[in-house]
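*Asks:* Have a look at this one.
The values are calculated or read from the model by the stated rules, or taken from the named source; none is laboratory data. Given the structure is predicted, the values throughout are model-derived calculations rather than measurements. So basically every Cβ, Gly included, is an ideal-geometry build from the backbone, and we count neighbours across all protein chains shown.
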Amino acid sequence: MKKLHSDNITDISASKLLGKNVAGSEVYNPSLLVRVPRIENRQLYGICAKNLPFIGFDVWHAYEFSALCNNGLPVTRLLKLKYSSDSDFIVESKSLKLYLNSFNMTKIGSDTNNCLRECKSMIEKDLSNLLNTSVDVNFLPENAKRFEIFTNFKNLNGFIDENTIVINNFKESPELIKTENTDTKAEYFLFYDSLRSNCRVTHQPDFGDVFIYYKSKKHIIETSLVEYLVSFRKEYHFHEECCEMIYKRLFDILEDDDDLFVCAIYTRRGGIDITPVRYSKNCNINDVQKLADLSCFARYGIK
């Protein structure tokens, strides 16, 4: 009987990444990409590259792709890439992760659309050159239908003028938060889908959606809140710590009897996702308890 596995891994370039602590890059770096020949496994099964017994393709989903516009505004999307199974190579997954992460602090494009268009072109070119095949890259549209985790929450991106906003602070900066006084208490339901911080142990980036509700006579200027949330981009903290930091900064600005709610729904890592929730004792926001039954997959229609 033909042996269907090999005890000896051949000397492939992927060995420089697999099982090792490899430093990533905060600046676009296509040299991080590593390819692996398909033939190394196929020859063990008697599969001939010139006469494949199948037709197919490989589809990858990157749930945490993010880059910056030239003005420092983050753009975050689910990325999908696809290439044919008749290619001679596959891309090694850790190298792809490091490569995509290298876009995180790279400024590309004058606005969101230009940023995504240029990123798509760069990724398609880099992967196509690496794999010697055509690679298609697409991003999930921002207006794609998602499962409603909360009702009434407005995306902070809708308050931004991309032509005027400039963001330069990427370390947590509470002084960025600006307020104005109003005559009566009002309720504000806000969320931001480009929260990004970093694990303080592994230094791997963490992405999530942050939901903020408050009821106060003070109005937090939405553009300033965006600038503050973006300032977490180079912070190194656990998910729970980030949620509490955001809560405490807002708590310190608002009055003692104001309502405040902060929830951060992070994307999964290693099969686990975390959703820290913090709210004031007098907060009566609806649906707080149902959070225990939700995961980050709710962002994409999966409960």
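This table checks each residue for (1) in contact with a Lys or Arg (Cβ under 9 Å, 6 or more places away or on another chain); (2) among the aliphatic types (A, V, I, L, M); (3) without any contact (Cβ under 8 Å) to a residue 60 or more places away in the chain; (4) not assigned by TED's automatic domain parsing to the domain that holds ILE253.
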site	(1), (2), (3), (4)
ALA186	yes, yes, yes, no
LEU190	yes, yes, yes, no
SER197	yes, no, yes, no
GLN204	yes, no, no, no
ILE212	no, yes, yes, no
THR223	yes, no, no, no
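*Asks:* Go through region 193-223 residue by residue and tally those that are in contact with a His (Cβ under 7 Å, 6 or more places away or on another chain) and either polar (S, T, N, Q) or surrounded by fewer than 20 Cβ atoms within 10 Å (Cβ to Cβ) (or both).
*Replies:* Final tally of qualifying residues: 2.
*Asks:* Looking at TYR83, TYR99, can you tell me which residue is within 28 Å of HIS203 (Cα to Cα) and not charged (D, E, K, R)?
*Replies:* On the way: TYR83 fails: within 28 Å of HIS203 (Cα to Cα).
Residue meeting the stated conditions: TYR99.
*Asks:* Sort out which residues of region 89-133 are among the small types (Gly, Ala, Ser), closer than 20 Å to ASP58 by Cβ and in contact with a Leu (Cβ under 7 Å, 6 or more places away or on another chain), and write them in order of number.
*Replies:* Step one: filter region 89-133 for residues among the small types (Gly, Ala, Ser), giving 93, 95, 102, 109-110, 121, 128.
If we keep only those that are closer than 20 Å to ASP58 by Cβ as well, we get 93, 95, 128.
Within region 89-133, SER95 is the sole residue that qualifies.
*Asks:* Out of SER224, SER280, report the one residue that is modelled with pLDDT of 80 or more, more than 28 Å from THR164 (Cα to Cα) and over 18 Å from the mean Cα position of the chain (by Cα).
*Replies:* Numbers: SER224 fails: more than 28 Å from THR164 (Cα to Cα).
Sole residue among the options that is modelled with pLDDT of 80 or more, more than 28 Å from THR164 (Cα to Cα) and over 18 Å from the mean Cα position of the chain (by Cα): SER280.
*Asks:* Is there any pair with a first residue in region 116-129 that is assigned by TED's automatic domain parsing to the domain that holds ASN29 and a second that is assigned to a helix (DSSP H, G or I) whose Cβ atoms are under 6 Å apart and which are 6 or more apart or on different chains, and what are they?
*Replies:* Between residues of region 116-129 that are assigned by TED's automatic domain parsing to the domain that holds ASN29 and residues that are assigned to a helix (DSSP H, G or I), the close pairs are ASP126/PRO30.
*Asks:* In this structure, is TYR266 more than 26 Å from TYR99 (Cβ to Cβ), touching a Phe, Trp or Tyr at 6+ places or on another chain (Cβ under 8 Å), in contact (Cβ under 8 Å) with a residue 12 or more places away in the chain and of a type outside the set (A, V, I, L, M)?
*Replies:* Values: more than 26 Å from TYR99 (Cβ to Cβ): no; touching a Phe, Trp or Tyr at 6+ places or on another chain (Cβ under 8 Å): yes; in contact (Cβ under 8 Å) with a residue 12 or more places away in the chain: yes; of a type outside the set (A, V, I, L, M): yes.
No: the conditions fail for TYR266.
*Asks:* Read through the list (1) out of contact with any Ser or Thr (no Cβ under 7 Å at 6 or more places or on another chain); (2) assigned to a helix (DSSP H, G or I), then give the number of the only condition that CYS242 fails.
*Replies:* It is condition (1) that CYS242 fails.
*Asks:* Answer yes if at least one residue in region 140-150 is hydrophobic (A, V, I, L, M, F, W, C) and surrounded by fewer than 15 Cβ atoms within 10 Å (Cβ to Cβ), and no otherwise.
*Replies:* Our first condition is that a residue be hydrophobic (A, V, I, L, M, F, W, C); within region 140-150, this holds for 140, 144, 147, 149-150.
Restricting the remaining residues to those that are surrounded by fewer than 15 Cβ atoms within 10 Å (Cβ to Cβ) gives 144, 147.
Scanning region 140-150, I find at least one residue that is hydrophobic (A, V, I, L, M, F, W, C) and surrounded by fewer than 15 Cβ atoms within 10 Å (Cβ to Cβ), so the answer is yes.
*Asks:* Please work out which one of (1) touching a strand residue (DSSP E or B) at 6+ places or on another chain (Cβ under 7 Å); (2) modelled with pLDDT of 95 or more is the condition ASN155 fails and give its number.
*Replies:* Going through (1) touching a strand residue (DSSP E or B) at 6+ places or on another chain (Cβ under 7 Å); (2) modelled with pLDDT of 95 or more one by one, ASN155 breaks only (2).
*Asks:* When you look at ASP136, is it more than 24 Å from HIS61 (Cα to Cα) and surrounded by fewer than 19 Cβ atoms within 10 Å (Cβ to Cβ), yes or no?
*Replies:* Details: more than 24 Å from HIS61 (Cα to Cα): no; surrounded by fewer than 19 Cβ atoms within 10 Å (Cβ to Cβ): yes.
For ASP136, the condition - more than 24 Å from HIS61 (Cα to Cα) and surrounded by fewer than 19 Cβ atoms within 10 Å (Cβ to Cβ) - is not met.
*Asks:* Does region 40-69 hold any residues that are touching a strand residue (DSSP E or B) at 6+ places or on another chain (Cβ under 9 Å) and not small (Gly, Ala, Ser), and which are they? Before the answer, list the steps.
*Replies:* Filtering region 40-69 down to residues touching a strand residue (DSSP E or B) at 6+ places or on another chain (Cβ under 9 Å) leaves 55-69.
Those that are touching a strand residue (DSSP E or B) at 6+ places or on another chain (Cβ under 9 Å) and not small (Gly, Ala, Ser): ILE55, PHE57, ASP58, VAL59, TRP60, HIS61, TYR63, GLU64, PHE65, LEU68, CYS69.
*Asks:* Given the residues PHE251, PHE238, PHE232, which is the only one that is within 24 Å of GLU175 (Cβ to Cβ), among the hydrophobic types (A, V, I, L, M, F, W, C), buried (at least 18 other Cβ atoms within 10 Å of the Cβ) and modelled with pLDDT of 90 or more? Walk me through how you get there before you give the answer.
*Replies:* Numbers: PHE251 fails: buried (at least 18 other Cβ atoms within 10 Å of the Cβ); PHE238 fails: buried (at least 18 other Cβ atoms within 10 Å of the Cβ).
Answer to the selection: PHE232.
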